[in-house]
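Just so you know, all these numbers are worked out from the coordinates, no wet-lab data involved. Note that the structure is predicted; figures quoted are calculated from it, not measured. Cβ placement follows ideal geometry from the backbone for every residue including glycine, while neighbour counts extend to all protein chains displayed.
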Amino acid sequence: MSIKLNSNIPSGPLADKWTQYRSTMNLVAPNNKRRIEVIVVGTGLAGASAASTLGELGYNVKCFTFHDSPRRAHSIAAQGGINAAKNYQNDGDSVYRLFYDTIKGGDYRSRESNVYRLAEVSRNIIDQAVAQGVPFAREYGGLLANRSFGGVQVSRTFYARGQTGQQLLIGAYQSLSRQISLGNVQMYNRHEMLDLVKVDGKARGIITRNLLTGEIERHAAHCVVLATGGYGNVYYLSTNAMQSAAWRAVRRGALMANPCYCQIHPTCIPVSGDYQSKLTLMSESLRNDGRVWVPAKQEDAKAIREGKKTALDIPEGDRDYYLERRYPAFGNLVPRDVASRAAKVACDEGLGVAPTGLAVFLDFAAAIERYGKSEAISSGIKNPSKEKITELGTAVVEAKYGNLFEMYEKITGENPYKTPMKIYPAIHYTMGGLWVDYNLETNVPGLFALGEANFSDHGANRLGASALMQGLADGYFVIPYTIGQFLSGEIRTPNIDPNSPEFAEAENAVKERLNKLVSVKGDQSVESFHRRLGKIMWDYCGMSRNADGLKSALKMVRELREEYYKDVFVPGTADEFNPELEKATRVADFMELGETMIMDALNRNESCGGHFREEYQTEGGEAKRDDENYAYVAAWEYNSWEEGPIMHKEELVFENVELKTRSYK
Amino acid sequence: MKLTLKIWREGGEFGSGKFETHQLDNVTEHMSFLEMLDVLNEDLVQQKKTPVAFEHDCREGICGTCSMVIDGHPHGPQAKTTTCQLHMRKFKDGDTITIEPFRASAFPVIKDLVVDRSSFDRIIQAGGFVSINTGQAQDANAIPIEKDTASAAFDAATCIGCGACVAACPNASAMLFTSAKVSHLAMLPQGQVEAKKRAQNMVAQMDKEGFGMCSNIGLCEAECPKGISVENIARMNAEYLSGAFSS
Ligand SMILES: Cc1cc2nc3c(=O)[nH]c(=O)nc-3n(C[C@H](O)[C@H](O)[C@H](O)COP(=O)(O)OP(=O)(O)OC[C@H]3O[C@@H](n4cnc5c(N)ncnc54)[C@H](O)[C@@H]3O)c2cc1C
Ligand code: FES
């Protein structure tokens, strides 16, 4: 059966849609709000901001996280910054420009109306965060500082050293804590949502597992908001932490949109061994000052790989600053997908610089010299020595990126002030996610998705510093309004009964799934399956993809899934604190999700943003889109695994921007 | 390298707790400490034994989840480093490493190395916020804040809520954690309005949770992976006292 996807975009001119819609929306009166229960799953930027704001509005909120505290959500790890169209730098920024950059950066695969709204509310986010006490970086005059991120030519990124995500999340966490103390939000830590419960087609609750005791619980509400983050962990090695909940909603009929759009971040610390569990990001902000290069000659690259030479032995003339060469207009600040692919091309040509052959340099020597000279001038030092310049310049670079440099040194044991960093692309963000309409409501009535968990704003590629913006836009400024569109129809609905047959069925399904996993009692660890899944996904559905590879990957993932249920070993039982079992349920989901990602990648016979199909590229090796046939959102419906998932389409309509070939040259 | 691990096991088959010894032969210097534990757990799972329960999430030194005491130091011997950022190159072949949970009565052990730190959340809930609702904010640049002040507030705000300060303190005091939040907000004009009341309420909650008194030993700062300064404690005491006099 075909599902009709109605994006519910309000009518009117782009710039007025949100304002007009907001002032004509249905409202829920304060006395009714007090009666209405809302479940929010997730306490990252999206979940914490949503739960606290809904609590402030007077709804009865129940908020869940599988972490031991709301403050541990992975948003905490975001480093570089958050965009907002404040135009504080007077450099020509505007809501329209942020909108346009985001649409273009997303390779024309996102919805105009949602993106415009995002750009519009971006300004309120900064105001809100400052009012909460978020200590953003400031200039000497006391006003807020900005920097640039990839894919744009203005400075609109606000930041708090290299810990912007931490500071924004702490801000949201504080607001959430206040609502908890006021009794408006009931917080459930260490509770993992394992299933969604629908009653008469509407989302009415969730089934959770108390991770401390293993107890399975039913939680009912008038609606459910998922803010459970992205699914990058399907790849095992990524900059993400382990989580998955969206897929659990997909099993109950929500659609997964564009799952093949995964972002590969160009600047991560390269893999160093098989035991590796996690890849560490080196913030994109480093590309403001770092220059990316590889040796121009293969023999130099080989010598570096073998430890016979270092970066410092390669003279300027024998270096290839390939981003500056290939993309003179944006240079080192091209968008992530472009920078990642260029690194892969360089390494494929035998120019990689780590023992694995998979790394390029990110060099700060030029920045240190430049800053050193300007510091010397401003502090009145005449004819400074080279050492003095280096000393002064190093201090400037340290003030800007000190914590990142320190992190790099701890992990690699090398000093990046002295020798260039080695970096390589890694999975970082998932643009795909639950399909939502303009209200951020999924195709399941009463089920909303926010933040990285939805697909809505970034198209096929997300610009740096835009995820924090989107998570907070969704939570603080969008859902508090749009949720009323659904809930205004529910004011006569009494509290939802968790003893209904629908809840019992879902609880049983969860118990069965858990028992199935603990009773396999095979010989291989969950981790080993996860690692194998990740390798398949990275090799065939990673930075570049082709039809043959994808087809064989599909077969491999299916076989792996079968093997999983025959040979996985989960120690302990389902009725106790059991981290291995937690992992096992997530990896089980990742296998199904991985399969859907591959199907999506196979279906999309074009290259766009993070989805690069080798068959579809220009002569210069750039992504070749097919707007004629693929300017749509592919939303996948869960179905029996024999037949495979079913695709539904939402055609994207562009009324305000002209679809162009993305060029950063 | 070859290592001997003495690890605290508690709960389930281990009852009220004891040390268990394991040998690991295949540790490389590039591994992080948690990856070394992953390898141990992978071995244990292979032998159908219960893996060691330990908490971790970001593995980037920022979420504050990875709590354990390594050779007597919360987060191990390297200064200003969380367990997940500690790498095995800091150890030598043949070393014996002792690993225990954070110990404090306000952090009850759940299992092995996992403790319950929800008392920290409750301290924040007692007042660690600015009372402002979404949508009430004025323009972000309306109040200029001196760069150095913003930077000092940031230094306090950088606390990751891991609890190492409590684990390091012989009195199991939570003064460093609490004062970091009090100072972060008190230094900014937005947080100044409620500063006194905040200090009163958070300190009262801290006492209620059963954290000990501060006797100015300073181990909290020494062991803090983010280098949060004990100056924050002085700042909190000032807010607390002026609040106590005016109330
Ligand atoms: C290392 C790193 C650096 C980044 N840097 C930047 C940056 O500089 N700028 C930028 O804009 N973006 C950045 N990003 C991206 C950005 O941080 C994320 O996209 C964003 O923070 C996601 O927020 P979220 O609220 O959607 O999800 P998350 O913060 O991931 O939160 C998910 C929440 O859901 C909960 N959860 C998940 N599943 C379940 C379940 N089944 N049951 C119960 N709870 C569940 C988790 O406990 C958690 O609370 C970065 C990402 C990474 C990984
Ligand atoms: S795991 Fe996040 S700080 Fe160590």
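Please compute one quarter of the surface area of the Cα convex hull for the stretch A:500-626 and express it in square nanometres.
Computed as one quarter of the Cα hull surface, the answer is 9.8 nm².
Of the chymotrypsin sites (Phe, Trp or Tyr not before Pro) found in the stretch B:86-154, none is in coil by DSSP with at most 10 other Cβ atoms within 10 Å of its Cβ. Whole-Hz Karplus values for the stretch A:236-242 come out as 6, 8, 7, 7, 8, 9, 7 Hz, taken residue by residue from phi with 6.51 cos²θ - 1.76 cosθ + 1.60 and θ = phi - 60°; glycine and proline positions read x. In percent, rounded to a whole number, the relative contact order of chain A is 21, using alpha-carbon pairs under 8 Å and six or more apart.
When a/c reaches 1.5 or more, the comparison of a/b and b/c decides; with that in mind, is the stretch B:118-246 rounded, prolate or oblate per its Cα gyration tensor? Prolate, since a/c reaches 1.5 and a/b exceeds b/c. In this structure the amide hydrogen of B:Cys66, modeled in the peptide plane, comes within under 5 Å of the amide hydrogens of B:Asp57, none closer than 5 places in sequence on its chain.
Considering helices alone, the calculated mean residue ellipticity of chain A at 222 nm is -12000 deg cm²/dmol, with DSSP H runs of length four and up weighted by -39500 (n - 2.57) and normalised per residue. Take the residue pairs A:Lys86/A:Lys344; A:Lys418/B:Lys80; A:Lys308/A:Lys344; A:Lys344/A:Lys516; A:Lys388/B:Lys181; B:Lys2/B:Lys49 and return only those whose Cα atoms are more than 31 Å apart. The pairs that break the limit, which is 31 Å between Cα atoms, are A:Lys86/A:Lys344; A:Lys344/A:Lys516; A:Lys388/B:Lys181.
Computed over neighbours whose Cβ is under 10 Å from that of A:Asn461, the net charge equals +3, Lys and Arg +1, Asp and Glu -1. Taking amide hydrogens as placed 1.01 Å from N in the peptide plane, the amide H of A:Gly205 sits under 5 Å from those of A:Val197, A:Ala221, each at least 5 positions away in sequence or on another chain. Listed by chain and number, the aspartates and glutamates whose alpha-carbon sits under 18 Å from that of A:Lys511, ignoring those within fewer than 8 places in the same chain, are A:Glu192, A:Asp195, A:Glu215, A:Glu217, A:Glu502, A:Asp575, A:Glu576, A:Glu580, A:Glu582, A:Asp589.
By the count of neighbouring beta-carbon atoms within 10 Å, fewest first, A:Glu527, A:Glu299 end up ordered A:Glu299, A:Glu527. Seen through its C-alpha gyration tensor, with square-root eigenvalues sorted a ≥ b ≥ c, the protein assembly as shown comes out rounded because a/c lies under 1.5. The mean number of partner chain beta-carbon atoms within 10 angstrom of a residue's beta-carbon across peptide A:271-284 is 4. Taking a straight Cα-Cα cut-off under 17 Å and skipping sequence neighbours fewer than 8 places away in the same chain, the lysines within cross-link reach of A:Lys4 are A:Lys202, A:Lys649.
Extending 7 Å from the Cα toward the beta-carbon at both B:Asn171 and B:Leu44 defines two label points whose distance is 3.5 nm. In chain B, helical runs assigned H by DSSP with n ≥ 4 each contribute -39500 (n - 2.57); averaged across all residues and rounded to the nearest 500, the mean residue ellipticity at 222 nm is -10500 deg cm²/dmol. The distance from the alpha carbon centre of the stretch A:593-665 to that of the stretch B:89-113 is 48 Å, rounded to a whole number. Rounded to whole numbers, the Karplus 3J(HN,Hα) couplings from phi for the stretch A:644-660 are x, x, 10, 9, 10, 10, 10, 5, 8, 10, 10, 9, 10, 10, 8, 6, 10 Hz, using 6.51 cos²θ - 1.76 cosθ + 1.60 with θ = phi - 60°, and x at Gly and Pro. Phi angles across the stretch A:192-199 convert, under the Karplus curve 6.51 cos²θ - 1.76 cosθ + 1.60 with θ = phi - 60°, into 3J(HN,Hα) values of 9, 6, 10, 7, 9, 10, 10, 10 Hz, Gly and Pro given as x. Working from Cα pairs under 8 Å separated by at least six residues, relative contact order for the stretch A:264-427 is 32 percent.
Residues whose amide H comes within less than 5 Å of that of B:Thr98, counting only those at least five positions distant or on another chain, are B:Lys6, B:Asp71 (H built at 1.01 Å from N in the peptide plane). The alpha-carbon of A:Lys566 sits under 14 angstrom from the alpha-carbons of these aspartates and glutamates, leaving out residues fewer than 8 places away in its chain: A:Asp523. Each residue in A:Cys347, A:Cys63, B:Cys159 was given a count of other beta-carbon atoms within 10 angstrom of its own, and listing them fewest first yields A:Cys347, B:Cys159, A:Cys63.
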